[in-house]
Amino acid sequence: MVNQNSIGTHDVRTFNELERYRAERLTVMQFPLANRFYQECGYSVSCGRQEIVVCLRAIKEDHSPIVAVARFLPHVEGYFVLRNLCVELHQRRKGLAKYLLQSALMALGDEALCYCYAFDHLREFYQSVGFVVRSTTEVPEHIAQNYHSYCHKHRDLLLMSYDARLNSHSLAPLIYND
């Protein structure tokens, strides 16, 4: 039986070996797995019932451990807010975050609009996926207010957005599980 939550698979080259990874959307019942992953990575966050949580696993066995997670909070006005994209420490610098983010953005839909508050040192990473730096005058008031609030704690934050209508050509096609 096919995992209905599977978003796609992709080959990612890691240190002279080829591994296959599967991006999948977690059900609410699976959120404790993501919460545990975040805790192991040093985050003190919990997935909310209304969020869309996407993870990445190596395809080795049925219950491979999670190697990356991203949370998307849907807003009533139709956009999403990316929250807590995290890759397990020993799996970083392999392209997994980019693959997870691309897979998740494709799964959000052809007209998805997504905002994020990114650390400045990750600017090029987010731009490589299609995010653009925005000023607070270019975004919904709620997003701008949160940005100002977060900047009191983290001075090096950028306000960025991704618009699927402008970026669909830049995302790699996915191989869907049948």
Query raised in the report: So which residues in region 57-85 are at pLDDT below 95 and within 10 Å of the chain's Cα centre (by Cα)?
Result: 83, 84
Query raised in the report: Any idea which of 59, 66, 52 is in contact with a Pro (Cβ under 7 Å, 6 or more places away or on another chain) and under 21 Å from residue 96 (Cα atoms)?
Result: 52
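Conditions tested, residue by residue: (1) among the charged types (D, E, K, R); (2) surrounded by fewer than 15 Cβ atoms within 10 Å (Cβ to Cβ).
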{"residue": "80", "(1), (2)": "no, no"}
{"residue": "85", "(1), (2)": "no, no"}
{"residue": "88", "(1), (2)": "yes, no"}
{"residue": "102", "(1), (2)": "no, no"}
{"residue": "110", "(1), (2)": "yes, yes"}
{"residue": "113", "(1), (2)": "no, no"}
{"residue": "117", "(1), (2)": "no, no"}
Query raised in the report: Among the residues of region 45-58, is there at least one that is more than 23 Å from residue 161 (Cα to Cα) and acidic (Asp, Glu)?
Result: no
Query - Top-ranked residue of region 150-172 - restricted to ones that are of a type outside the set (A, V, I, L, M) and more than 20 Å from residue 113 (Cβ to Cβ), ranked as modelled with the lowest pLDDT - result: 154
Report summary line: Among strands (runs of 3 or more DSSP E) entirely inside region 47-146, those with 1 or more residues being under 19 Å from residue 24 (Cβ atoms) and not hydrophobic (A, V, I, L, M, F, W, C) are 52-58, 66-74, 80-87
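Regarding region 101-117, can at least one residue be identified that is aromatic (Phe, Trp, Tyr) and at pLDDT 95 or above?
Taking every residue of region 101-117 in turn, at least one turns out to be aromatic (Phe, Trp, Tyr) and at pLDDT 95 or above.
The values are calculated or read from the model by the stated rules, or taken from the named source; none is laboratory data. Because the structure is a prediction, the values reported are computed rather than measured. Glycine gets a Cβ as well: all are built from the backbone with ideal geometry, and neighbour counts include every protein chain shown.
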